[in-house]
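Take a look at the structure below.
The values are calculated or read from the model by the stated rules, or taken from the named source; none is laboratory data. Fair warning: this is a prediction, and the values are worked out from it, not measured in the lab. Positions of Cβ are generated from backbone atoms using ideal geometry, with glycine treated the same way; all protein chains shown enter the neighbour counts. Note: areas computed on protein heavy atoms with side chains; ligands, DNA, RNA excluded. Shrake-Rupley method; radii C 1.70, N 1.55, O 1.52, S 1.80 Å.
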Amino acid sequence: MPKEVRSKNSRFRSQSYRKEWEKENWAQGWLKVSSQGASKAFCQFCDKNILAGKSELMRHAKTAQHCQNAAQVLGSTSMEQYVTSSQGCIKAELNTVALIARRNISFNFMSYMVPTLKHIASDSKAIKDMTCGRTKTTYLLTECLAVDAHERLIQELQEAKGFSILCDKASDISMNKIFCINVRYLYNGSPRTQLYRLIRLKRGNAEALFASLEEALVKDKLTWQQVVGYASDGENLMQDRSH
């Protein structure tokens with residue numbers, strides 16, 4: 001039987017994307033509709049758009065480049081396994097990290113503390129799901145607790161009628177110059193002193209100290225009009241030589 005020959009003038013009929021293809025074995029994990037329209041599909045492994053014909057998509061799934069990309073994606077470690085999903089576990093980890101920081105305990109101690117807690121409270125799912133070592137403790141403290149505490153402090157300073165600045169310059173164990181800034185203000189009618197910022201300095205002269213302080217205030221949308229007092233030691237570096 002002779003094959004049907006399509007005329008050159010006949011118009012090619014493009015196929016529309018079908019959502020049910022995503023459930024088929026050959027398309028699972030990489031196929032989705034393209035943002036360019038229903039006539040295109042998108043390969044998440046290869047990051048490219050393809051004509052939404054089933055035969056074209058199945059051929060693409062067998063190409064060497066697609067198979068190589070699929071092996072890299074599927075073989076990589078998913079970050080989801082490091083993310084804690086239990087709210088109780090999150091609360092337990094954050095409170096434990098806060099205790100470590102508040103009592104100035106070494107972060108390495110978490111490698112011993114967490115297994116001990118799991119042994120003591122073996123029936124607690126929140127404790128059982130804890131995976132908090134030195135690295136995660138550092139992250140939770142610097143990227144979660146510290147950020148939240150600073151945002152709360154800025155909100156309290158904005159609501160206060162004014163605040164005083166108490167500052168000093170020091171050097172850490174590595175001889176890096178550190179500018180320590182505290183603030184004192186009234187909160188619910190009682191005076192409160194809080195750490196505002198620890199700023200690492202490249203230069204330790206008076207100009208650098210003032211510039212870093214002013215930059216911090218501007219970043220937190222605080223103004224000099226809100227500052228009602230200033231305190232430091234009597235060093236010429238902290239106060240002008242004429243004072």
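Taking the Cβ-Cβ separation of Ala170 and Lys91 as r and a Förster radius of 51 Å, what is the calculated FRET efficiency to the nearest 0.05?
Working: r = 35 Å, r/R0 = 0.68.
My answer for the efficiency is 0.90.
What value, in deg cm²/dmol to 500, does the helix sum -39500 (n - 2.57) over DSSP H runs of n ≥ 4 give at 222 nm once divided by the residues of the chain? Could you put the intermediate results ahead of the total?
Details: 8 runs with 85 residues, N = 243.
Value at 222 nm, helices only, nearest 500: -10500 deg cm²/dmol.
If one computes P(r) from the Cα atoms of the chain, what percent of pairs lie at distances over 31 Å?
Cα-Cα pairs of the chain separated by over 31 Å account for 58 percent.
On the basis of the beta-carbon distance and an R0 of 41 Å, Ile154 and Thr116 show a calculated FRET efficiency of 0.65.
Within 10 Å, count the other beta carbons around each residue, average over each peptide in 33-39, 54-60, 186-192, 223-229, and list them highest first.
Numbers: 33-39: 13.1, 54-60: 15.0, 186-192: 9.3, 223-229: 11.3.
Taking the mean over residues of other Cβ atoms within 10 Å, the ranking is 54-60, 33-39, 223-229, 186-192.
The share of C-alpha pairs in the stretch 107-166 whose separation exceeds 16 Å stands at 61 percent.
Viscosity 1.567 mPa s, temperature 4 °C: give me the Stokes-Einstein translational D for the stretch 83-138 in µm²/s, with Rh taken as the Kirkwood radius over C-alpha pairs. Display every interim value, and only then the final one.
Working: Rh = 11.2 Å.
For the chosen part, D equals 116 µm²/s.
Take the chain, connect every pair of alpha-carbon atoms lying under 10 Å apart with a spring to form a Gaussian network, then pick out the residue of Asn182, Asn49, Asn104 with the largest mean-square fluctuation. Maximum fluctuation in the GNM of the chain, among the listed residues, is at Asn49. The 3J(HN,Hα) values that the Karplus relation (6.51, -1.76, 1.60; θ = phi - 60°) gives for the stretch 16-32 are, in residue order, 8, 5, 10, 4, 5, 4, 4, 8, 6, 4, 6, 10, 5, x, 10, 9, 7 Hz. Gly and Pro appear as x. Per residue, the accessible area of the chain comes to 72 Å² when a 1.4 Å probe rolls over the protein heavy atoms. If only the Cβ of Lys and Arg carry +1 and only the Cβ of Asp and Glu carry -1, the dipole of the stretch 128-243 around its Cα centre is close to 240 debye. Distance between the pseudo-spin-label points of Ala71 and Trp26 (7 Å out from Cα toward the beta carbon): 2.1 nm.
Ranking Ile173, Met130, Leu74 by Cα position along the charge dipole of the chain, where only Lys, Arg, Asp and Glu carry charges on their C-beta atoms, puts Leu74 farthest toward the positive end. Taking the stretch 37-59 and a reference point 7 angstrom along Cα→Cβ of Arg18, the backbone N atoms nearer than 12 Å belong to 53-55.
Across q = 0.10, 0.21 Å⁻¹, the stretch 69-185 modelled as identical point scatterers on its alpha-carbon atoms has Debye log10 I(q)/I(0) values of -0.49, -1.17, in the order of the q list. Residues whose amide H comes within less than 5 Å of that of Tyr196, counting only those at least five positions distant or on another chain, are Ile181, Asn182, Val183 (H built at 1.01 Å from N in the peptide plane).
Alpha-carbon geometry of the stretch 132-225: the Rg and the Dmax are 14.8, 44 Å, given in that order. For the chain, the list of Cys residues with no other Cys C-beta under 4.7 Å reads Cys67, Cys89, Cys132, Cys144, Cys167, Cys180.
Could you look at the chain and say what percent of its accessible area is carbon and sulfur, using a 1.4 Å probe and all protein chains? Don't skip to the end; give the middle numbers.
Numbers: 9100 of 17560 Å².
Within the chain, the accessible surface is 52 percent carbon and sulfur.
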